[in-house]
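Let me begin by presenting the structure, written as structure tokens, before commenting on it.
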Amino acid sequence: MRRATFLFRGKPEVAERWRNLFQTHAPEVDFRAWPDTGDVKDIRYIGLWDWEPSFERHFPNLEVVFSLGAGIDQFWKADLPEHLPIVRVIDDDLTQQMVEYVTFAVMAHHRELITYQTSREAQAWQPRPVRTAGERPVGVMGLGVLGSAAVERLKQLGFQCRGWSRTSRDIPEVACYSGAVGLPPFLNGCEILVCLLPLTPETEGIINARLLRQLPPGAALVNVGRGGHLVERDLLDALDSGHLSGAILDVFESEPLPPGHPLWTHPKVLMTPHVASTTRPEGVVRGVLENLRRLERGEHPLGLVDRKRGY
Ligand code: NAP
Ligand code: GLV
């Protein structure tokens, strides 16, 4: 039987952690780290963030591409050949990090942190009426691995939860909506909107002026999906007009966010540099090795991307 040869393409210090984990848990796999590819004809599996068109010719025997993240939009933008399967990351550690981030961001909006921060800067003592989670409708766009885990935690915290997905879902105590017809009722009355969609041609620019207008006055946004979901100009207009009370953003149209971009200094924005949930080798390698074993047995891997759906 041919040996499974896996090429990792990432930062050298991360590659060393991957190498150690492969050596400990799967010594039978021939692990290689970019740029030391060895004979490129051996490479059957590759793990990377970014695809380059020359790879198709460079690795003639490539069978499967492993995304180093949960999202795979970077691949459809880079024209990854149709015949190559993409496997994305599904990992408890990544999910836990996202659940924690969404909890923090929803809680920050719920307890009006941005409004109080503005008062503080003006040295103004301005208490506002307190509401509890049960009085706060929160909506999560995207009810997949990450969105459904986040909504479960928000439910435990007592929020009035609703969710939106492409196909219909049934989650106890969560008002579930789907598709284009489900979007207006999902948005209606939604005071905190969380985006955990994948970026696809259908979801690109979905958080735009038209969508934001359908949220109630004073609503707040959390974007942890991709920067491409949000039309930043429309968000800035909605914040400046007072229709939105604030936004917590982890992802941006252009990353790193360019110097001088208005989001850096906007008083109604809290931002983090795409760290809501990061791929940590110890968790992710476990899943990659399980998938390599499945593939070597001729089984489907977990997290196989549906190329037609785009996620
Ligand atoms: P997933 O399991 O594939 O779930 C995607 C969800 O979005 C599903 O519920 C899907 O609907 C829904 N969806 C897709 N297209 C839709 C459309 N056109 N209309 C309505 N709903 C649609 O993905 P995941 O693992 O939860 O990850 C979601 C995204 O999070 C990733 O793609 C990535 O962009 C982002 N992410 C960000 C970070 C960060 O650090 N900021 C970290 C990890 C991931 P169905 O249920 O009907 O399929
Ligand atoms: C990070 O953004 C990921 O997609 O895993």
Exercise for the section: For D250, work out the one condition from (1) more than 17 Å from V140 (Cα to Cα); (2) touching a residue at least 40 places away in the same chain (Cβ under 8 Å); (3) among the acidic types (D, E) it doesn't fulfil. Expected result: (1)
Handout entry: Out of G163, G189, sole residue that is farther than 28 Å from A78 by Cβ and either surrounded by fewer than 19 Cβ atoms within 10 Å (Cβ to Cβ) or modelled with pLDDT under 95 (or both)
Key = G189
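Yes or no, residue by residue, for (1) more than 27 Å from T279 (Cβ to Cβ); (2) touching a Leu at 6+ places or on another chain (Cβ under 9 Å):
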position	(1), (2)
A122	yes, no
R131	yes, no
G147	no, yes
R153	no, no
G158	yes, no
R162	yes, no
Problem - The listed residue being part of a loop (DSSP other than H, G, I, E, B), crowded, with 20+ Cβ neighbours inside 10 Å and out of contact with any Cys (no Cβ under 8 Å at 6 or more places or on another chain), out of V102, V89, V106, V130 - result: V89
Problem - R210 vs. criteria within 14 Å of the chain's Cα centre (by Cα) and in the same structural domain as V140 (by TED's automatic domain parsing) - result: no
Practice task
Just give me the residues in segment 276-301 being touching an Asp or Glu at 6+ places or on another chain (Cβ under 7 Å) and within 11 Å of ligand 1 (Cβ to nearest atom), in sequence order.
Solution key: A276
Practice task
Select the helices (runs of 4 or more DSSP H) contained entirely in segment 199-297, then report the ones holding at least 2 residues which are among the hydrophobic types (A, V, I, L, M, F, W, C) and open to solvent by less than 50 Å² (accessible area, probe 1.4 Å).
Solution key: 209-213, 232-240, 281-296
Handout entry: Residue under evaluation L154, criteria (1) in contact with a Cys (Cβ under 7 Å, 6 or more places away or on another chain); (2) open to solvent by 20 Å² or more (accessible area, probe 1.4 Å); (3) in contact (Cβ under 8 Å) with a residue 40 or more places away in the chain, criterion not met
Key = (2)
Handout entry: Filtered residue count, segment 77-112, keeping only those that are over 15 Å from I248 (Cα atoms), within 16 Å of ligand 1 (Cβ to nearest atom) and in contact (Cβ under 8 Å) with a residue 60 or more places away in the chain
Key = 12
Exercise for the section: Tell me which residues, restricted to segment 255-292, are within 20 Å of L239 (Cα to Cα) and among the small types (G, A, S). Expected result: G260
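The values are calculated or read from the model by the stated rules, or taken from the named source; none is laboratory data. Just so it is clear, the model here is predicted, and its values are computed rather than measured. Note that we place each Cβ from the backbone using ideal geometry, even for glycine, and neighbour counts take in every protein chain shown. Ligands, DNA and RNA are excluded from the accessible area calculation, which covers all protein heavy atoms including side chains. Shrake-Rupley method; radii C 1.70, N 1.55, O 1.52, S 1.80 Å.
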